[in-house]
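Here's the structure, in C-alpha cells; my notes come after.
The values are calculated or read from the model by the stated rules, or taken from the named source; none is laboratory data. Predicted model only: the values in this text are computed from it and were never measured. Quick reminder, even Gly has a Cβ in these numbers, built from the backbone with ideal geometry, and neighbours come from all protein chains shown. Areas reflect the complete protein model, heavy atoms only, side chains present, ligands, DNA and RNA absent. Shrake-Rupley method; radii C 1.70, N 1.55, O 1.52, S 1.80 Å.
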Amino acid sequence: MNGHPVENSSIRLSTNTTDCPEVAIPNEIFFTIATLGILENLLVLIAVGRNKNLHSPMYFFICSLAVSDMLGSFYKAVENIFFTVFCTVSYPRCQELLAQTIDDIIDFMFILSLLGSIFSLSAIAADRYITIFYALQYHNIMTLKRASVILGAIWTVSAGSGIVMVIFSYKTVTIVSFTVLFCFMFIFILCLYIHMFLLARSHAKAIALMTTNSVRQGTNMKGVITLTVLLGVFLCCWAPFVLHMILIHFCPQNPYCICYLSIFQVNGMLIMCNSMIDPMIYAFRSPELRSTFRRLLCFHKPSWT
C-alpha cells in the first residue's frame with residue numbers, strides 16, 4: 001500500500017498529473033504502527049483466553065474483531081519485511097519471480113481483515129440487540145456453541161469472499177460488491193441502533209422495577225456505547241480507503257479524484273491506526289478486561305484462574 005512494485009496496478013498513483021503531490025509516509029512509521037497493532041490485539045486474545053470471566057459470546061466476537069485488526073496490521077508488516085529483507089538484501093530478482101504471488105497474499109490478508117471486521121462488528125451489534133430486548137432469554141439464544149458457529153461462518157465467508165475478490169480484483173463488479181457490503185454493514189447496524197434507542201426508554205422503565213435487571217440493563221447499554229465507539233472508529237479509518245477504491249475505478253482521470261488519490265498512504269495508515277485504537281477502546285470501556293491487562297502486564301497472579 002505504500003508504492004511497492006508488487007502492488008495492485010489498479011491503485012497505483014502513477015497517473016497523478018495534477019498539482020497535488022503524493023503524500024509519502026516512511027516505512028518505519030507503517031512498521032511501528034503495525035507492530036503496535038499486532039501486539040495490542042494479541043494481548044486482547046491472551047486476556048480473554050486466560051480470564052474465565054470473559055468467556056462470553058460478546059468477548060468472543062471482540063476476539064474475532066481483534067483477529068481482523070491483527071490481519072490489518074500483519075499484512076503491512078509482511079509487505080515491509082518481504083521488500084526489505086528479501087527484495088533489497090537477499091534476492092534482487094524477487095520482484096520478477098514472486099511479485100504476483102506476494103501481491104495476491106497481501107491483498108487477501110487485507111480483504112480478509114476488512115470483511116472480518118465488518119462481520120464481527122455486525123455480530124457484536126446483533127449480540128447487544130439480543131441482550132437488551134431478549135435479556136431473559138439471552139443465555140438460551142446466544143450460547144457459546146452458537147457463537148462458535150457464527151464465528152466459523154464469519155471466517156469461512158470472509159475467506160471465500162477474499163479469494164473471489166483477489167481473483168477478480170480488476171473487475172468493476174468486485175469494487176461495487178466491496179462497497180455495497182461496506183454500506184450494508186453500516187445500514188444494518190444503524191437500523192439496529194434506531195430500533196434499540198426507540199424502544200430502550202420504554203424497556204428501561206419496565207426493567208427498572210427489578211434491581212438486578214436494572215443493573216443488567218445498564219451494563220447492556222454500556223456495551224451498546226462501546227459498540228458505537230468501535231463503529232465510529234471503524235468508519236473513520238476505513239471509509240477513506242473505500243472511497244479511494246471507488247474513485248480509482250470510476251474517475252481515475254478526474255483532477256479532483258487524482259488529488260484525493262495522492263493521500264493513498266495516509267488512508268493506509270488510518271487502517272492500521274484502527275487496529276491500534278480498538279484495544280484501547282476495549283480497555284477503556286471494560287473494567288474486567290482492563291484489570292486483566294494490568295495483571296498480565298504486571299505479572300500479578302490472577303484471581304480468576
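Overview of results
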| read-out | value |
| --- | --- |
| Heavy atoms of residue 179 accessible to a 1.4 Å probe, total area in Å² rounded to 10 | 30 Å² |
| For peptides 182-194, 267-279, sequence by mean Cβ density within 10 Å, most packed first | 267-279, 182-194 |
| More than 14 angstrom apart: percent of Cα pairs within region 139-185 | 63 percent |
| Packing-based order for 284-291, 20-27, 40-47, using average beta carbon neighbours within 10 Å, highest first | 40-47, 284-291, 20-27 |
| Estimated FRET transfer efficiency (residue 254, residue 50; beta-carbon r; R0 35 Å; 0.05) | 0.10 |
| Spacing of the two label points (7 Å from each Cα toward its C-beta) at residue 195 and residue 143, in nm | 2.3 nm |
| Cα-based Rg of region 223-277 normalised by 2.2 N^0.38 Å, two decimals | 1.33 |
